[in-house]
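**Student:** Right, I'll just put the structure down here and ask away after.
All of the numbers you see were taken from the coordinates with simple rules; none came from a lab. Not measured: the values here are computed from a predicted model. Using ideal geometry, Cβ is built from the backbone for each residue, glycine included, and neighbour counts are taken over all protein chains shown.
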Amino acid sequence: MSETSQQGTVAYDIVDNVAWVRFNRPEKRNCMSPTLNREMMDVLDALEYRDDVGVLVLSGEGTSWSAGMDLKEYFRENEAKGLGATRGAQREAYGWWRRLRWYQKPTIAMVNGWCFGGGYGPLFGCDLAFAADEATFGLSEINWGILPGGGATKVAVELLPFRKAMYHAMMGENIDGKTAADWGLVNESIPLAGLKDRVAAVAAVLLQKNPVALKATKDAIRRVGEMTYDNAEDYLIRAQEAANSFDSEGRKEGIKQFIDDKTYKPGLGAYDKNRKAD
């Protein structure tokens, strides 16, 4: 059964340990408003440490993922209230995107339709991203005379080669899901009819992995990109030691099942995390 946030701007279902979270403003192409931003933070809080949630999928109700920021509510109405209101709205938006980047559970963006401007913030916040071939991506801010906001410029530089980032941001042209996958904005592009099945299959694989190792791995991938090699090497050693300390039994059981029990091969699957070390 679907649940919704207090104001109804976010909806979610929990099925087989996957939280299917959706922007829930289909009549507005799921544009992010101050209310949605606050309620998304509440939903992330509510789901992060639930025992029945192992993976979070973020998608959009209807035919859009998110067409970015609500120009009326997020920009015009806040600007009319002064700088304090504008800064407050920015903190709320950037706040839940930041939470998403460092979320306790693996996260997947399932881009089922329009993904524009500010929508690139949560897109980058998710660990993995899959799009429908029919989805539409765009940094259209240049078309009404502003620079790509909501961290979208940083996202473009992080995910795209330099020339493609420049073209994408300066031209204001849209691209489809296949192009987004070719450029690196998403992992894969799939016909819309098969998108949810593909994401469900990926989520099922993630659910088999050691959750402590998954959290350490996703954090490491984000952290080391801005480190020198030597600093990254030191960080990764200490991160592994911390993970071992936090979940020593899981690590030992994985090694035991490979070396002693010979019940799995690491390159071909995951160890059975439901078995406990002797």
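**Student:** Given an 8 Å cut-off on Cα distances and at least 6 residues of separation, report the relative contact order of the range 135-195 as a percent.
**Tutor:** Working: 61 pairs, mean separation 24.3, N = 61.
Relative contact order here is 40 percent.
**Student:** Rounding to the nearest 20 debye, state how big the charge dipole of the range 117-165 is about its Cα centre with +1 on each Lys and Arg Cβ and -1 on each Asp and Glu Cβ.
**Tutor:** I would put it at about 240 debye.
**Student:** Give, in nm to one decimal, the length gained when the segment between E27 and E226 is fully stretched (0.36 nm per residue of separation minus the Cα-Cα distance).
**Tutor:** Details: separation 199, 0.36 × 199 = 71.64 nm, distance 3.95 nm.
So the extension gain works out to 67.7 nm.
**Student:** Net charge around D42, counting only other residues with Cβ within less than 13 Å of its Cβ (Lys, Arg = +1; Asp, Glu = -1)?
**Tutor:** Numbers: positive: R38, R99; negative: E3, E39, D45, E48, E92.
Taking every Cβ under 13 Å from that of D42, the sum is -3.
**Student:** Additional query: Which whole-Hz couplings ³J(HN,Hα) result when phi for each residue of the range 205-216 is put into the Karplus expression 6.51 cos²θ - 1.76 cosθ + 1.60, θ = phi - 60°, listed in order with x for Gly and Pro?
**Tutor:** 5, 4, 5, 7, 7, 5, x, 5, 5, 4, 4, 5
**Student:** Separate question: At 7 Å along Cα-to-Cβ for each site, give me the label-to-label distance between I146 and N274 in nm.
**Tutor:** 5.0
**Student:** Could you list, in their original order, any pairs among K28/K196; K178/K209; K81/K105; K154/K218 whose Cα atoms are separated by more than 25 Å? Don't skip to the end; give the middle numbers.
**Tutor:** On the way: K28/K196 22 Å; K178/K209 29 Å; K81/K105 37 Å; K154/K218 19 Å.
Those over the limit are K178/K209; K81/K105.
**Student:** Okay, next question. In nm, to one decimal, how far is the modelled label at Q104 from the one at D16, with both set 7 Å along Cα→Cβ?
**Tutor:** 2.4
**Student:** Give the calculated FRET efficiency between D182 and V205 to the nearest 0.05, with a Förster radius of 22 Å applied to their Cβ-Cβ distance. Don't jump to the answer; show the numbers that get you there.
**Tutor:** Numbers: r = 24 Å, r/R0 = 1.07.
Efficiency, rounded to the nearest 0.05: 0.40.
**Student:** Going by average Cβ neighbours within 10 Å, how do the peptides 163-172, 14-23 rank, with the highest at the top? Working shown, then result.
**Tutor:** On the way: 163-172: 15.8, 14-23: 19.8.
Taking the mean over residues of other Cβ atoms within 10 Å, the ranking is 14-23, 163-172.
**Student:** Follow-up question, since we're still on this one. With θ set to phi - 60°, apply the Karplus curve 6.51 cos²θ - 1.76 cosθ + 1.60 along the range 98-103 and write out the HN-Hα couplings as whole Hz, x wherever there is a Gly or Pro.
**Tutor:** These are the phi-based 3J(HN,Hα) values: 5, 4, 5, 4, 10, 5 Hz.
**Student:** With each label point set 7 Å from Cα along the Cα-Cβ vector, what nm distance links A242 and D45?
**Tutor:** Here the modelled spin labels are 2.4 nm apart.
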